[in-house]
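Undergrad: This structure is in structure tokens; I'll ask about it shortly.
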Amino acid sequence: MGSEKKIILVTGGSGLVGQAIKQAKQQDPRENETFIFLSSKDGDLKDPAATQRIFERYKPTHVIHLAAMVGGLFNNMKHNLDFLRNNILINDNVLQSSYKLGVKKCVSCLSTCVFPDKTTYPIDETMIHNGPPHSSNFGYSYAKRLIDIQNHAYNQQHGCHFTAVIPTNVFGACDNFNLEDGHVIPGLIHKAYIAKKEGKPLVVYGSGKPLRQFIYSIDLAKLFLFVLREYEEIDPIILSVDESSEVSIGQVAQLIADAFQLEHGIVLDDTKADGQYKKTASNKKLRGYLPDFQFMPLKDAIERTVQWFNLNYNVARK
Ligand code: NDP
């Protein structure tokens, strides 16, 4: 594998995960690797001709495929058809161009939220197609699940080395901090920023009891580089913290309030609905490969993200 020249095209390179990969590869550089980070300004990957032009221009040997239509609960519920079609188009164009231009390895990105709604815990890699996803985001989920089907079909018919990773909830710098449409941690960080200004407590929707596994974007990026450089399977791999690192929404909110040194702490508004109680994913497969990988403690990762948001408030997506 060693010194062959690699040109690594990162689709969706301007987003939360893409920017973290940019940082992680600077911390762990390899002489033979050249990375190209794309944003939607480089071309619309829903368009097959535009996608092929990008691939012909950069002639990648490797692809990290992150670009996707991503959104919060309400956006998903209202636009399941758009999430389905746009993501199917993006994925099909990226994989077909990868095949046509002779890409040696393509690592795409699924998500633990595409797993069956009714399932047993912990969730593992073998369970993706075992039943319908949650009805709120079925469009996004089926489009993402199809990547796994495509990876196996490209491998079977053309011998392509296309695979995928399955992250749990990601957070970090360059996230979408929108109050209505962001994910839990960036949404709470933005709320806490406002609460701090107004001298109020951080109001957390729901009982605070649901459990989640959160992965810091830089940890995820390091694991992405491992998969790109060393993972040989076509079957996907879950990239998550250990099951013992699952935390409640209440605990996460408290860490965020502490990072902002909120005088009035947090208040739980349990008139608002809780989401699913838990979605525990198993990282046993990952631990088989990397038994000693150290995840950043949640407290430190949240403090870094809060610091980034404070410093970049004007330019942050929100
Ligand atoms: P972001 O929303 O931060 O970034 C999305 C990226 O995709 C941006 O670079 C965006 O470009 C690009 N993009 C979107 N549509 C198009 C298009 N039509 N053509 C070209 N580029 C496009 O996403 P994340 O970094 O959070 O997510 C990256 C991947 O990780 C996605 O596949 C997502 O499904 C997956 N994932 C994310 C999780 C999370 O918690 N965030 C959890 C699990 C999986 P631009 O900046 O120009 O708009």
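Every read-out reported here was derived from the displayed coordinates using simple, explicitly stated rules and does not represent laboratory data. Please read all numbers here as calculations on a predicted model, not as lab measurements. All Cβ positions, glycine included, derive from the backbone under ideal geometry; neighbour counts span all protein chains shown.
Undergrad: Just one of Ala259, Ala316 is touching a Lys or Arg at 6+ places or on another chain (Cβ under 9 Å), surrounded by 16 or more Cβ atoms within 10 Å (Cβ to Cβ) and over 30 Å from Thr126 (Cβ atoms); which is it?
TA: Within the list Ala259, Ala316, the selection yields Ala259.
Undergrad: Quick one: which of Gly139, Gly159, Gly172 is crowded, with 18+ Cβ neighbours inside 10 Å and on the phi > 0 side of the Ramachandran plot?
TA: The match here is Gly172.
Undergrad: Collect the residues in segment 37-68 that are acidic (Asp, Glu), within 13 Å of the ligand (Cβ to nearest atom) and assigned to a helix (DSSP H, G or I), keeping them in residue-number order.
TA: Of everything in segment 37-68, just one residue is acidic (Asp, Glu), within 13 Å of the ligand (Cβ to nearest atom) and assigned to a helix (DSSP H, G or I), namely Asp42.
Undergrad: Against the definition (in contact with a Leu (Cβ under 6 Å, 6 or more places away or on another chain), in contact (Cβ under 8 Å) with a residue 60 or more places away in the chain and of a type outside the set (Phe, Trp, Tyr)), how does Val63 come out, yes or no?
TA: For Val63, the condition - in contact with a Leu (Cβ under 6 Å, 6 or more places away or on another chain), in contact (Cβ under 8 Å) with a residue 60 or more places away in the chain and of a type outside the set (Phe, Trp, Tyr) - is not met.
Undergrad: Select from segment 96-123 the residues that are within 16 Å of the ligand (Cβ to nearest atom) and part of a loop (DSSP other than H, G, I, E, B) and write down the one among them that is surrounded by the fewest Cβ atoms within 10 Å (Cβ to Cβ).
TA: Among them, the one singled out is Ser111.
Undergrad: Here's a follow-up. Quick one: in segment 70-87, which of the residues that are among the hydrophobic types (A, V, I, L, M, F, W, C) and touching a Gly at 6+ places or on another chain (Cβ under 9 Å) is farthest from the ligand (Cβ to nearest atom)?
TA: Of everything passing the filter in segment 70-87, Leu81 is farthest from the ligand (Cβ to nearest atom).
Undergrad: Give segment 23-60 a look and list any residue that's surrounded by 18 or more Cβ atoms within 10 Å (Cβ to Cβ) and touching a residue at least 40 places away in the same chain (Cβ under 8 Å), or say none.
TA: Those that are surrounded by 18 or more Cβ atoms within 10 Å (Cβ to Cβ) and touching a residue at least 40 places away in the same chain (Cβ under 8 Å): Ala24, Lys25, Leu45, Lys46, Thr51, Ile54, Phe55, Pro60.
Undergrad: Take segment 183-211 and flag every residue that is closer than 20 Å to Val267 by Cβ and within 13 Å of the ligand (Cβ to nearest atom).
TA: Val184, Ile185, Pro186, Gly187 - these are the residues of segment 183-211 that are closer than 20 Å to Val267 by Cβ and within 13 Å of the ligand (Cβ to nearest atom).
Undergrad: Name the residue that is farthest from the ligand (Cβ to nearest atom), counting only residues in segment 1-29 that are among the basic types (Lys, Arg) and over 15 Å from Leu223 (Cα atoms).
TA: Out of the qualifying residues, it is Lys5.
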